[in-house]
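**Student:** Got a structure here, written out as structure tokens. Questions coming.
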Amino acid sequence: MARLLFLICLGLAILALAAAAFTAVIRAARVGRDTVHDLTRETKEDGMEKVSYAALMLLMLGVTSGLLGGL
């Protein structure tokens, strides 16, 4: 009787580990798919973001060189 109970508990533990591994693989695949989707998606804000970074670089160059803000 003890062996049967032990085998049942062992089977349940193996089943729980397999379910956890399956869930982890599915979750990793979903996160990977969402990440690739976010990287490949082109948004309208992306162009404005590039322009604002370029303007920021020009502003920083002007301030550090003394052309903007005076000496």
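**Student:** Among (1) at pLDDT below 80; (2) part of a helix (DSSP H, G or I), where does Val51 come up short?
**Tutor:** All conditions are met except number (1).
**Student:** Quick one: which residue in Arg41, Arg27 is open to solvent by 80 Å² or more (accessible area, probe 1.4 Å) and at pLDDT 80 or above? Give the steps one after another, and end with the answer.
**Tutor:** Details: Arg41 fails: at pLDDT 80 or above.
The conditions single out Arg27.
The values are calculated or read from the model by the stated rules, or taken from the named source; none is laboratory data. Note that this is a predicted model, so its numbers are computed, not measured. In case anyone asks, the SASA skips ligands and DNA or RNA and just uses the protein heavy atoms, side chains included. Shrake-Rupley method; radii C 1.70, N 1.55, O 1.52, S 1.80 Å.
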